[in-house]
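Comments concern the structure below.
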Amino acid sequence: MKAPSLLAPLLRGALIAQTGRPWFVSHEPQDTAKEPAGLAVTLDADAIENETATAQRLAEAFENSRHFAEGAAPLRVRISSGSGVCAFLCAPTCEGVEKIRRGERMPAWTRAHRDTNAARANVVEDKVALVTGGARGFGEEIASGLAAAGAFVFIADLDKQRADNVAAALNARQGKTTALSLEVNVADEASVRAMMETFALTAGGIDLCVSNAGVLRAASILEQDMTDFRAVTDINYTAFAIITKHCGRLMKAQHAAAPAWTTDIIQINSKSGLEGSDKNAAYAGSKFGGIGLVQSFAKELVGYNIKVNAVCPGNFFDGPLWADPRNGLFVQYLKTGKVPGAKTVADVRTFYEQKVPMKRGCTGADVLKAVLYLVEQTYETGQALPVTGGQVMLS
């Protein structure tokens, strides 16, 4: 019997293929054998050795189900074999799963009519998204914007308490459960693997992964401690590969059952991934490398209908990376003398604002628009999209 976390994305894919809409598929530890038979599809899962075969067996079971014959989808799916039972609750939204779990009467969800020319704000509606580093800065603003646009957002961060607080605030703002928090160290593969297993058991699969977690430690290469250099590389470069590996596996399994469904991995890169950065080589090098990974992953994963792109924001002057009064870049650049003649943090900020043709820094709203644009595109992968106010342009 396959583990529930391996079956969940296949089941979600099968539901997507049958209904044309995103689904929330949550593992139910309790045995659902006592549930009304009409709410369950039972599948003999013995001797299934690969994702394609499992997906085919699920498709056959659904095609023979009276639910789909009547144009509806089951609320519960029970996948059984001689060695055990895996039970799942199924609904188009997390809120729907919660209602099923409470035993409330639910409508029979039917095939959705999805307008391919829908407004950009609707491209993530009801989709399941993951934002790493989602508890602060760009990550928090992206998570908030995705939730407001109708997505269900998992906020993954090393700071679990802060992630909890952000999720609670989003849920209160939306008046429903629209976000959950996950603790993760993106540089630790075991931590990422555990996070994705929890993700699969909670939501079944994923439509959008925003790899946002990143760090910056500015210094002259003549003086920088190589421990700091490696730490930047570990988070900004290697961790993106780890996230893509485990998120991509979940998307690949989902694709086996829903080959027409498109999913997205988007790295939040930087304008420093498009041009070098004085006394900031560790950061710029890791970001240049990130774009190389984006292009390589895009070529590899396109066969699974997974698009991989990058957003390259300009300077987020009001975020903690720049504005933190103790460790922010304004302070770091002042201390390292990166800005000639600067005597105060305000001098450093003015210097960098004047470098931008639009005379302001990048905001979370600017980055969110770029994320939604990339999700909306059906013919773009492997791209690095500048969001820099004209400071850095593609050539």
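The listed peptides 132-138, 346-352, ordered by packing as a protection proxy, come out as 132-138, 346-352 (highest mean of other Cβ atoms within 10 Å first). A cut-off of 5 Å between modelled amide H atoms, ignoring neighbours fewer than 5 places along the same chain, links Thr93 with Phe24. Across the chain, Cα pairs under 8 Å and at least six residues apart give a relative contact order of 16 percent.
For an R0 of 35 angstrom, estimate the FRET efficiency from the Cβ-Cβ distance between Ala365 and Asn64 and round to the nearest 0.05. Don't jump to the answer; show the numbers that get you there.
Working: r = 48 Å, r/R0 = 1.37.
Calculated transfer efficiency: 0.15.
Once the Cβ-Cβ distance of Asn327 and Thr177 is raised to the sixth power relative to R0 = 41 Å, the FRET efficiency obtained is 0.75. The charge dipole of the chain, taken about its Cα centre with unit charges on the Cβ of Lys, Arg, Asp and Glu (plus for the first two, minus for the last two), comes to roughly 620 debye. Rounded to the nearest 20, the size of the Cβ-charge dipole of the range 239-395 about its Cα centre is 340 debye, with Lys and Arg at +1 and Asp and Glu at -1.
So if each residue of separation counts as 0.36 nm, and I subtract the Cα-Cα distance between Asn165 and Ile221, what length gain in nm does that give?
Details: separation 56, 0.36 × 56 = 20.16 nm, distance 3.79 nm.
Computed gain between Asn165 and Ile221 is 16.4 nm.
Answer with one residue from Pro92, Ala370, Ile79: the one whose Cα lies farthest towards the positive end of the charge dipole of the chain, charges on Cβ with Lys, Arg +1 and Asp, Glu -1. Of Pro92, Ala370, Ile79, it is Ala370.
Here the simple spin-label model places points 7 Å from the Cα toward Cβ, and for Gln354 and Glu275 these points are separated by 1.6 nm. Relative to the longest principal axis of the Cα atoms of the chain, helix 4-19 runs at roughly 80 degrees. Of the residues Ala129, Gly175, Ala59, the one whose Cα sits farthest toward the positive end of the charge dipole of the chain, with +1 on the Cβ of Lys and Arg and -1 on the Cβ of Asp and Glu, is Gly175. The range 208-253 and the range 255-287 have their alpha-carbon centroids 10 Å apart. Taking amide H positions as modeled 1.01 Å from N, with prolines and chain starts lacking one, the residues under 5 Å from Asn280 and 5 or more places away or on another chain are Ala219. Shown is the FRET efficiency for Thr262 and Glu95, computed with R0 = 30 Å from the Cβ-Cβ distance and rounded to the nearest 0.05: 0.80.
Around the amide H of Asp324, modelled in the peptide plane, lie the amide H atoms of Leu329, all under 5 Å away and 5 or more residues distant in sequence or on another chain.
Quick check on the range 289-395: take the gyration tensor over C-alpha atoms, sort the square-rooted eigenvalues as a ≥ b ≥ c, and tell me if it's rounded (a/c under 1.5), prolate or oblate. Because a/c hits 1.5 or more and a/b exceeds b/c, the range 289-395 counts as prolate.
Using a 10 Å cut-off on Cβ atoms, rank the peptides 377-385, 360-368 from the highest mean neighbour count down. All intermediate terms of the calculation are to be shown ahead of the outcome.
Numbers: 377-385: 15.8, 360-368: 19.9.
Ranking the peptides 377-385, 360-368 by packing returns 360-368, 377-385.
May I ask you to derive the relative contact order of the range 297-371, considering only C-alpha pairs under 8 Å and at least 6 residues apart, and to give it as an integer percent?
Here the relative contact order equals 28 percent.
Quick note: the coordinates plus some simple rules give every number you see, no bench work behind them. Quick caveat, the model's predicted, so the values are computed rather than measured. Methodologically, a virtual Cβ is constructed for each residue, glycine included, from the backbone with ideal geometry; neighbour enumeration extends over all protein chains shown.
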